[in-house]
Amino acid sequence: MTDQFLMCAPHHFDVAYVINPWMEGNVAHCRQDEALCQWNALTQLIGRVADVESIVPARGLPDMVFTANAGMVLADKFILSRFRHAERTGEEAHFARWFDEHGFTVLRLPPDVHFEGAGDALLDREEALLWLGYGHRSSQACVPLLEELLDIEVEPLRLADERFYHLDTCFCPLEGGYLMYYPPAFDLASQARIQARLPAERRIPVSDADALEFACNAVNSARHIFLNRASITLAGELQSRGFTVWQTPLTEFMKAGGSAKCLTLKLTEEHPMLSRDVLGEKSVA
Ligand code: ARG
């Protein structure tokens, strides 16, 4: 099946407030024309290998372009985000309507629980496992709620560096069961849990410099990886594992604390258990 990604054009994108360290000093310093060029380039690149769906951007919601934070998808279920910051809560109604109109069952978490969607909740690409980053945006209380709603094991990871405030800024599960990540973004117990769950040959730790270029904020579709920038070393490591790396500058969005992955939300997320059954049936036939 061809992957589908939801994106939102940056017609109302801006750095209009400060809710993460990247935005500091950047209020009103975003070049809208350049942002549109960068977004178009990313959209065209992804469009070569996957389908891109779009949601109409809403005036007054400058961060709506970061569709990863709309919520999280698993099969036909969509768990709507509950943003921590008042500046972003206005996005919820727009995303709820889009997913409802596109045939998803929209599920909501209790009002006192914060959840920032596929910014913090990332499916493993090999195991039936959902990784959840907490400590900055999503609440730890999401863990049992997501396990019940989605019938999947959830592994919580505590984020420890405020520059990497969403899990997808420092952690990227890849096809084939690989993981590209920035270990110092996690507390020591979480680093140990990642190591316990994944053998060393599946882990691709990135350098400080790559992490600060948002290399972990990558879109993965089949064997393609789209990201802002990767060092020669990191690109080589990904290529040696069979990936094609596409680099496209996203500097205007980095002023708001986001890059390639934040600008997309994968809509075609099969439940790992179910997809494995389907593969099993096919191989028997
Ligand atoms: N300015 C946005 C915020 O702070 C950026 C969101 C980036 N999204 C992401 N999935 N990391 O919420």
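The values are calculated or read from the model by the stated rules, or taken from the named source; none is laboratory data. The model shown is predicted, which means the values in this text are computed figures rather than measured ones. With ideal geometry, Cβ positions are generated from the backbone for all residues, glycine too; neighbour counts draw on all protein chains shown. With ligands, DNA and RNA removed, areas are computed over all heavy atoms of the protein, side chains included. Shrake-Rupley method; radii C 1.70, N 1.55, O 1.52, S 1.80 Å.
Here are some notes:
- The residues of segment 143-179 that are in contact (Cβ under 8 Å) with a residue 40 or more places away in the chain, within 15 Å of the ligand (Cβ to nearest atom) and buried (at least 17 other Cβ atoms within 10 Å of the Cβ), listed by number, are 164, 165, 166, 167, 168, 169, 170, 171, 172, 173.
- The lone criterion from (1) buried (at least 17 other Cβ atoms within 10 Å of the Cβ); (2) within 19 Å of residue 20 (Cβ to Cβ) left unmet by residue 124 is number (2).
- Boolean, residue 70 is modelled with pLDDT of 95 or more and farther than 25 Å from residue 131 by Cβ: no
- If only residues of segment 58-86 that are open to solvent by 30 Å² or more (accessible area, probe 1.4 Å) and within 14 Å of the ligand (Cβ to nearest atom) are counted, the one that is farthest from residue 243 (Cα to Cα) is 86.
- The residues in segment 233-274 that are more than 15 Å from the ligand (Cβ to nearest atom) and either in a strand (DSSP E or B) or within 19 Å of residue 63 (Cβ to Cβ) (or both) can be counted, and the count is 4.
- Residues of segment 248-282 satisfying the condition of being of a type in the set (A, V, I, L, M) and modelled with pLDDT under 95: 273, 274, 278, 279
- The number of residues in segment 24-53 being among the small types (Gly, Ala, Ser) and either touching a helix residue (DSSP H, G or I) at 6+ places or on another chain (Cβ under 9 Å) or touching a residue at least 40 places away in the same chain (Cβ under 8 Å) (or both) comes to 3.
- Counted residues, segment 1-54 - those being open to solvent by less than 10 Å² (accessible area, probe 1.4 Å), within 14 Å of the ligand (Cβ to nearest atom) and of a type in the set (Val, Ile, Thr): 1
- Pairing each residue of segment 54-65 that is over 19 Å from residue 252 (Cβ atoms) with any residue that is of a type in the set (A, V, I, L, M, F, W, C) and more than 15 Å from the ligand (Cβ to nearest atom), provided the two are 6+ apart or on different chains, yields C-beta distances under 6 Å for 55/98.
- Only one of 190, 139 that is out of contact with any Ser or Thr (no Cβ under 9 Å at 6 or more places or on another chain), within 24 Å of residue 18 (Cα to Cα) and at pLDDT 95 or above: 139
- Matching residues, segment 216-226, being within 13 Å of the ligand (Cβ to nearest atom) and free of Cβ contacts under 8 Å to residues at least 60 places away in the same chain: 216, 217, 218
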